[in-house]
Every structure is written in C-alpha cells, then in structure tokens.
1. Would you pull out the residues with amide H under 5 Å of A:Ala322's amide H, same chain only if 5 or more places away, H placed 1.01 Å from N?
2. State, as an integer percentage, the relative contact order of chain A based on alpha-carbon contacts under 8 Å between residues 6 or more apart.
3. Exactly which trypsin sites (Lys or Arg not before Pro) in segment B:73-136 are in a DSSP loop and have at most 15 other Cβ atoms within 10 Å?
4. Helix hunt in chain A: which complete DSSP H runs extend at least 24 Å axially by C-alpha with mean Kyte-Doolittle at least 1.0?
5. Given H placed on each backbone N at 1.01 Å, which residues far from A:Glu68 in sequence or on other chains put an amide H within less than 5 Å of it?
6. Got the relative contact order for chain B handy, in percent, Cα pairs under 8 Å and 6 or more residues apart?
7. Write down the accessible area per residue of chain A in Å², having rolled a 1.4 Å probe over the full set of protein chains.
8. With a cut-off of 8 Å between alpha carbons and a minimum separation of six or more residues, what is the relative contact order of segment A:73-188 in percent?
Amino acid sequence: MRNRSLTSLLLAGLVIAACGTGGTSSNTSAGPKHGDKLTIAVGIDPDTLDPAAQTTTTASQVVDMMAEPLVNIDEKGVVKPLLATKWDQSADGLSWTFTLRSGVKFSDGTPFNAQAVKFSIDRLINSKTQATQPGVLGGKSGIQSVDVVDDANVKFTLGSRFAPFAAAMTQTNAAIISPASASVAPNTPTHVVQPVGTGPYKFKDRQAGDHITLEANKAYWGQKPNYDSQVLKVVPDATSRESLIRAGQADVIALPPGNDLPALQHDSSLNVIMGPSDRTIQIVINTVDPKNTLLQKPAVRQALNYAVDKDAIIKTVLFGAAVPLDAPMSKALFGYCSVGSYKFDQSKAKQMLQAAGASGMTVKLISPTGRYLQDSKVAEAVAGYLTQAGLKVEGPQTSDWPTYLGTVNVAPARASTNLHLLGWAPAYMDASQQFQQFLPSQIPPAGLNTSYYGNPQVTELVTQGNSATDPSQRKKAYCDAQKIVWTDAPWIFLYNQRYPFVTTNKVKNVTGLPNEKFVTSWASPA
Amino acid sequence: MTTYLVRRVLVSVPTVLGVATVIFLLVHLLPGDPARVIAGVNATPADVERIRHQLGLDQPGWQQYLTFLGRLAHGDLGTSTHTLNPVTAEIAARAPYTAELASLSIVVAIAVGVAAGVVAATRRNTAVDLLISGAAIAGVSIPVYWLGLMLVVLFAIDLRVLPAAGAGGPTSIVLPAITLASFSVGFIARQTRSAMLEVLGQDFVRTARAKGAGEPRVLVRHALRNALLPVVTTIGLQFGTLLGGAVLTETVFAWPGIGRLLVDSIFFRDFPVVQGVVLLIAVAFIAVNLVTDLVYAVVDPRIRYG
C-alpha cells in the first residue's frame, strides 16, 4: 500500500504525459501549383475571431481569410472592389450605396446578398454585440441606418459627411458574415467564435495558445486558394519563430528578431520580405508643458529634428526595416504628400538651440519595450543624438505597453515626460486617420494626440479634407495641413516602419499590405 | 488519517481566500487601463467606455471584489476580458498542457536525479562522481531560456529530428520536458548524493553488509530508503521551481500551457484570467505540499498522521 501510492503518483504522471495532443500530418510532396499545408508562425494568439470586435492586425489577418468586407486595399493602399463591385455617394455625402457582387455564397452555402450586409453592419454598430469596435463607422457621425435597396444594392446613411467612408469600409470589422451562421453554436448573434464568411478559407479547428487551422473554401467565388489547409501557429517569441523556419517547420513567419535580419537575409533558403506598413514612429514632444516652456517653441522642436540622424538609426538599429519620414504620415495613405526633410545637421541643431536659449536643456524621454520593432533601442539612439546636441537626457525609461499607454494617454495636466516614443498606424489608408494625432479634439483622454498639439489652421484644413467630396480638393487640403504640421514639429519625425516577414523559398506569392498584414491566401508552392 | 486529511483541507480554505484577496489587490494595482488595452489605440472614447461598462470595470473596486468573491464561492472565475470566454474554459484548455509538461519533467527529474545521485555517492571522488556532480551543477546553473535555445539549435535546426516549438504531436514534448527538468535533475541529484553519503557511513549499513546482504539490496533497501526523506522534501519544493520554469519553457517552445497564459494575461491586463491562474497555482501548491507530507509516512513508517 505504502509503496503503491508513490508508484501510482508516478504512473499518473506518465499517463497524463502520454495523453499528448493528436499526431502531426506530415508535409507531403507538393505539385507546382497545389499544396497540402502551409504553416505560418505568428506572434499573437487572436483574442477573438469575431469580425466586429477586431483590434489587432494579426487577428484581423486571420479573419480576413474567412470573411471579406465589401471593399479592400491593394499593396499601395488604394481602395478596390471585393464583395461590392461599385459604390456611390449622394450629393449631400450623407448616404452611400454599394452594388454587390452577384452569385457569391458564404462558405456554409447560404447566399451573400444585401440582407447579409445589413445583418453584419447592424451587428457592428449595435452596442449589445460583445466588445464591438465600430470606430468611425459607429457613433453619432457614423452609420445611422443600413437599408436593403434590393438584393444587390445596399444603402448606408451617415450621421455626418464622411469622405473616406469607402476606405473605412475596408477594415476587417466591416467584414460580412453569414446571418444563419451567427446562431449556430458556438456562435451567438452577440459573440461570434467561428466566423463564416465568403473568404477563400474556412474555420477548421483551434487550440487556444497553440494554433488555428483553416481549410480551403473549394467553392470560393474568386481565384481558388492553392493550399488545402493553412495552419497559423501561435509563437510569441520572435527567436522561436526564427527557429521554426530555420528548422523547416514553418513556411512563413511574422516579425523575425530585428537583430537577426541581416543573418536571415544571407540565408539562401529564406526570403526576407520588408512588407509595407502605414505605421509612423516618432518621438512625440509635449508641446504645452508648463515646466518646460522651451519645448513650446517650434524652433526648439525643429532643432531636435535636426539633431537626430534618422538614416543612421534605420541602418544600424533597424537593419533597413524602415524609410525616413518626409511628411507627418506614411506614403500609403490617401492624401499623403512629401513636404520636406530635417536632414541630420548637428551644428545647425546646436545653433538653433542656442538661439532659442535651450542649450543644455534637460528632457525626460520614455519608450515602450516590445511594442514596435526595436523600439527601446531606437529610443536609446535618439537619447544619444540629443546628448550629442548638448541636451541633458533623462532616460529612456522603458515599460511594457499597458503601463506605457497609461503613462502617455493622460490629460495635459498629468503629463510626466517631455518626449515619448510612439507609433501610429491608421486603421485605414486615409490621411484623416493620421490627422487624429494633430487635432485638439483628440487630446487625451478623448484621443491619443499625446503631443497636445493644436493649430486652428490645421484643424480647419483637416475638416475641409474630411468632408470635401472631390478627391483632388481633399488632397490639397491635407497637403497644406501636412506642411504646417511639419514646420510646427510637434514630433521628432523618425521613420515609416516596415513590417518584415520571412518565407522559405519553397513558397511564393505571400504579399504584404500597408495595414501590417501579410496575405497568405494566394500563396502557392514555388 | 482521514481526520488529518479533512483538517488539512479545511485549513487550506483561508489560505486560498488570502491568496485570492492578495492577487485581486495586486492586479488592480497594476498600471494600465484594461478597457484601453482591449479597445486598441485607434478606438474612440465611446468604444472604450462601452467596453469598460460591458466588463464591469466602471464599478467601484470593493464592489468588483465582492462580485469576484461571490462568484468564486460558486466556482465561477468570471469572464476573460481579452477573449470574452469563461476563465474556467480558458484554463481548462491550457492546464492539461502544463500538467503534462510538469509531470513528465518531474518524473524525468526524479528518475535521472535519484539514480545519478546514488551512483555519484557510491563512486565518491572518482571520475564518475566528478562528471555527475559537474553535470548537476550545470543543470542547476544554466538558465532555462538559454538551454532551451541550444537544444532547439541542435535537435531542431541542425539535426532536424525534433520539433522546434508548438504542441503538435508526441515528439513535441521532448525538448520542453528536458529543458524544464534540467534544473530539478541537478538539484535532486545533489540532494540524493549528499543524503546517500551520510547514510552510507552509518552503522546499520555496515551491519547490513556484515549480515551478507548483496550490494544492490544494501543500497536500495537500506541506504536509499533512509536517504529519501530529505529528497522527498526537495522534490516537493521542486514543484514550485517547475511552475516558475514552465513560464519560460512554455515561451521558448510556444507550449500552450498556463504559464504562458499567465504572462499573456498580465500583458493584456486580463485580470480575471490572472486571478484564476494564480488561484489554480496556489491550490496546486497546497495539494503538492499535502501529498509530500503523506509521502513522508510512506517513506518513513515512524511518521504517523492521526
């Protein structure tokens, strides 16, 4: 009896250990076009696959494979038809009518039509839907009603004029799901766990924290997918993702470790792709700090811009995974125009600082860690350049993202730093999204304009750009506003980040989109 | 024995309640706003407020605490703020992976550690002893993170015989289990060696040999049996080390267990899941301590629980 209890404890352990997970299916030989299984390692386990509740690009990228919105973007960020073939706005800009693609079916076999669009978008703007994220599509100025004109036409009525409406409809939260599927367990109308859309792949299984398996939708309306299944493995550690692709156990990986980019680029069995991104990385300056009035002067803020060598940081800290900013936004946005450059010039920076009486000024700098590519290392480099320009830099202090967000997303009176590193990635490719960073109405806690910057001229131009129906008028207004922001310099404008991902040379046709997603739906064996 | 068990279980109730209270306070003291983290940086203030309300985070702290305790009494750990699934479901999906990894590791650690310790003790001051003692020190000293990576480089990338990460098949547990066991193997081996050395010098061992018992019988029945008591304590204590190591091991090997769930949940400020996982770990600790105490009585018949 006595000996047996110890033995049975050990045996219990062995039994538990033996009850492993199911066997792996081996990667069998693939033809020139058709493949068995594509394995992709991503860093984040999607919090939810419910299209209406999407906030992170990694989760959205998975949802995109299963459920499609009416419109999407191409590699340059331009809006193009998907489930809708064309769209028009009324003369007053308050209603938008989308004409739907005909003959499309959801992967559960039910037909895609205007009713389904109404169901999905109503669900998005309904506050009873769990954790729904309508963003600009909801609220008083967003969609007020969705009307079925006929089977193939659907009309959206907005609360106020909103020129980039079509661009905003490219977001994954506006994806269309089968109304019937929302009541099939485990889904409920308020919480969709396994989305059923019109996409090239459909949900097969999921083990939380480990993987999501999707299988090809053989009845897909467009170009058919090449792999029978795609497995998204959740591997949070960048080094572990690199191990997987080096071991031949993953075909595609998201975000390899930044330091290893050169080594990966030298490996002839791998392709490193610097995917596009709309994310700008900047050192945000507190422009209203009563304790440091020097930073309220645009000349001082311009001097800080001259003091930092952006090209050197991109080359040595980011290993080429970025392009320097020449405007306060990424090239991928509608409304972007190139407005200038603060070419690295240390003596000019020192002169300007001296002229403004800011030589030897003390600034406090903070940075998140692990949020953006090489974030805290970039902040260290910036601190080095500012020190060389004669400033006393406290920091960079670093913290994890929620703590960091809690530190910078505060009303001006509670601000505790002079400079902080921040990234901003518009949810859709329109300048209006980037200008949220420069509008007084977005000063925390209302938004994330953490430089507390505001310029009535900019606000006026942005309002024009957001409401004008003529695209060239919009572009003009945004361009003028960008010139002012560039000169006012509420940021040290650093760079437009790239979104690196790696594929083996056995895979082709994996493409990156400027919203930091990479599309594997049309991948095929090389 | 039964009375003893019942008493121990009853005594652990206030301990669990204390843990629940401390962890509730700790997570609510963490900087960072869960509603903001869930909503994402592009969310409108209205979105953030609606999520805060849906999650009940707009209620006063004491009310949230009472709700938490009330649910706990019914075995309900609440709803994950990150995934909106019940916390019990989140944990149930992950706990088997950690249980599998930890139990395999402890079995490996006991088997290898005790055997190595016995061998080292009987070959004291020989090359074998030096080798085992050296390896044991290495096992205790090498960081789990580094060892895991080196094993991956060797077995997954260079030799391509084992999976580098993930939980996709029977071989995928091999590298994580070895990595996680390494510290405990070293620790148990060192404990066993010194306990054996002490016992081997005692009179009853000489008596056993004198009465003609064979060496294996002397070592196992007489010496090891008596040396085991401190080793059992060590093994019980190793459980805590294993859970700590599991967090790192699960990260390196993308193993979907509760260690990683805990770390992810802290980063997402998913308070209900953090509370649930910590409670589970506390309960597991209490259970292992109890089992350790019971095993004492098995190993040493002089110990009786009335």
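1. A:Arg498
2. 19 percent.
3. B:Arg123, B:Arg124
4. Helices meeting the criterion: A:2-18.
5. Answer set, sorted by chain and number: A:Ile176, A:Thr198, A:Gly199.
6. Values: 341 pairs, mean separation 80.5, N = 306.
Across chain B, relative contact order equals 26 percent.
7. With all protein chains present, chain A gives 38 Å² per residue.
8. 28 percent
The values are calculated or read from the model by the stated rules, or taken from the named source; none is laboratory data. The shown structure was predicted, so the numbers you read here are calculated from the model rather than taken from an experiment. Note that we place each Cβ from the backbone using ideal geometry, even for glycine, and neighbour counts take in every protein chain shown. The area values use the complete protein model at the heavy-atom level, side chains included, leaving out ligands, DNA and RNA. Shrake-Rupley method; radii C 1.70, N 1.55, O 1.52, S 1.80 Å.
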